[in-house]
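Heads up: the structure comes next, in structure tokens.
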Amino acid sequence: MAAALEITGLHAWYGESHILHDVNLTVNQGEVVTLLGRNGAGRTTTLRALMGLTGARKGSIKINGVEAIGLPTHRVAHLGVGYCPEERGIFSSLSTEENLMLPPQLAGPDKGMSVAEIYEMFPNLLERRHSQGTRLSGGEQQMLAVARILRTGARLLLLDEISEGLAPVIVQGLARMITTLKSKGYTIVMVEQNFRFAAPLADRFYVMEHGQIVETFAASELSAKMPVLTELLGV
Ligand SMILES: Nc1ncnc2c1ncn2[C@@H]1O[C@H](COP(=O)(O)OP(=O)(O)OP(=O)(O)O)[C@@H](O)[C@H]1O
Ligand SMILES: [Mg+2]
């Protein structure tokens, strides 16, 4: 079976700025992979380049074996990719349920979660289904942003800093969510600053610095890698 995601020799630019330099990253089906790095390392740019949201790109991005480097964003999404950006993108004038129903379901073999399944997984959202986007707490907005891509049928989830700025009890809820999604067979790429959140969830880790991957290791190597991580991330 092809890897869910196979990035090879990826370069990306914003205008004249050459941001990503020869990024190589593979995520197998059903894996949870965390992309770590300091501020400005290029983690968000990696996700954006994958979605066709940067300037020029060079290299190869295979999604389930299909080359996606030349594709516009909506075509990448149709390969089964759900992108949850750092800024979440919840529409303040729409209700929870309207936000949830906004993205179209993808055509293809993978049916998205039904609204009933989503409310079962996120009972808070059921309670808040008629509340306006702006009235939701940060944690509720984050859950809604993830729930919204689950409804589309995407099986490869790109999650950018979902734990950022949230209270520890909410972050624990997000950790349970990731564990549930993994058990349902989703493939997940998490960009994280919060090492303590990511560490127990990830099967494998990549560390970026200056637009390059500088370290990669499996969960089983985590304790041996702690000195290097401390140096690279200050964790
Ligand atoms: N739209 C843009 N135009 C030009 N340069 C950008 C743009 N967005 C990011 N950059 C630059 O690209 C580099 C990588 O930024 P990126 O957002 O990928 O970092 P990051 O690892 O996600 O870190 P963080 O989210 O903590 O800022 C940084 O030097 C940043 O200044
Ligand atoms: Mg970022």
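No value in this document is a laboratory result; all are computed from the given coordinates. Bear in mind that the values here come from a model prediction, so they are computed numbers and not experimental data. Virtual Cβ from ideal backbone geometry, glycine too; neighbours counted across all protein chains shown.
Just a few scattered comments:
- Of all DSSP-defined beta bridges confined to the chain, some 55% are antiparallel rather than parallel.
- Helix 222-233 axis versus longest C-alpha principal axis of the chain: approximately 80°, rounded to the nearest ten.
- Annotation: amide H of Val214 within the under-5 Å range of Val207, Met208, Glu209, sequence separation 5 or more or interchain, hydrogens built in the peptide plane.
- Gaussian network model of the chain, springs between alpha carbon atoms under 10 Å - residue of Arg43, Arg151, Arg128 with greatest fluctuation: Arg128
- Under conditions of 25 °C and 0.890 mPa s, region 33-91 yields 196 µm² s⁻¹ as its translational diffusion coefficient, taking Rh as the Kirkwood radius over Cα pairs in the Stokes-Einstein equation.
- Cα convex hull of the chain, projected area averaged across orientations, nm²: 12.4 nm²
- As computed over region 1-118, the Cα convex hull volume per residue (Å³): 137 Å³
- Relative to the longest principal axis of the Cα atoms of the chain, helix 138-152 runs at roughly 90 degrees.
- The slack between Glu164 and Leu94, meaning 0.36 nm per residue of separation minus the straight C-alpha distance, is 22.9 nm.
- Normalised radius of gyration (Cα atoms, divided by 2.2 N^0.38 Å) for region 72-176: 1.02.
- Think of it as helices only: each DSSP H run of n ≥ 4 in the chain is worth -39500 (n - 2.57), and spread over all residues that comes to -9000 deg cm²/dmol at 222 nm.
- Calculated FRET value between Asn28 and Glu120, using beta carbons and R₀ = 35 Å, to 0.05: 0.80
- Eigenvalues of the alpha-carbon gyration tensor of region 60-127, scaled by 5 and square-rooted, set the equivalent ellipsoid semi-axes at 27, 15, 10 angstrom, largest first.
- Choice from Glu120, Glu161, Glu97 with maximal GNM fluctuation in the chain (Cα, 10 Å cutoff): Glu120
- For region 169-177, putting each phi into the Karplus relation 6.51 cos²θ - 1.76 cosθ + 1.60 with θ = phi - 60° gives couplings of 5, 6, 4, 4, x, 5, 5, 4, 4 Hz, in residue order, rounded to whole numbers and with x for Gly and Pro.
- Maximal additional length on extending the Val214-Ala2 stretch stands at 73.9 nm, based on 0.36 nm per residue less the C-alpha distance.
- Paramagnetic label reach from Ser137 (point 7 Å along Cα→Cβ; backbone nitrogen cut-off under 17 Å): within region 113-130, residues 122-130.
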